[in-house]
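Undergrad: Structure incoming, see below.
The numbers here are math on the coordinates, done by the rules we state, and not lab data. The shown structure was predicted, so the numbers you read here are calculated from the model rather than taken from an experiment. FYI the Cβ positions are ideal-geometry reconstructions off the backbone, even for glycines, and counts take in every protein chain you see.
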Amino acid sequence: MTVTAYVKGNQMKNKVADILRRKEGEGFVDTALKILISVVVGALLLAGLYTLFKDNILPTLTQRITNLFNYRG
């Protein structure tokens, strides 16, 4: 049992060391840039749909949001 634990621990140590030694990878800036680009593209698509139909696409949603902010309690 102790030999198995030693072997597993050694394998885990080698795996962590290998991960830390790697030079490639995806950084935080790359991920943030991808998220920002996807949000901007989504907003442009939504604006294009609103322009294309020249009307409110989700009228019930607009009414619900208006009611939410006009809440009188």
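Undergrad: How many residues does the stretch 47-63 hold that are in a helix (DSSP H, G or I) and surrounded by 10 or more Cβ atoms within 10 Å (Cβ to Cβ)?
TA: Count: 7.
Undergrad: How many residues does the stretch 41-71 contain that are on the phi > 0 side of the Ramachandran plot and hydrophobic (A, V, I, L, M, F, W, C)?
TA: Residues meeting the conditions: 0.
Here's the yes/no breakdown for (1) in a helix (DSSP H, G or I); (2) not hydroxyl-bearing (S, T, Y):
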{"position": "Y6", "(1), (2)": "yes, no"}
{"position": "L20", "(1), (2)": "yes, yes"}
{"position": "K23", "(1), (2)": "no, yes"}
{"position": "D30", "(1), (2)": "yes, yes"}
{"position": "V41", "(1), (2)": "yes, yes"}
{"position": "L45", "(1), (2)": "yes, yes"}
{"position": "I65", "(1), (2)": "yes, yes"}
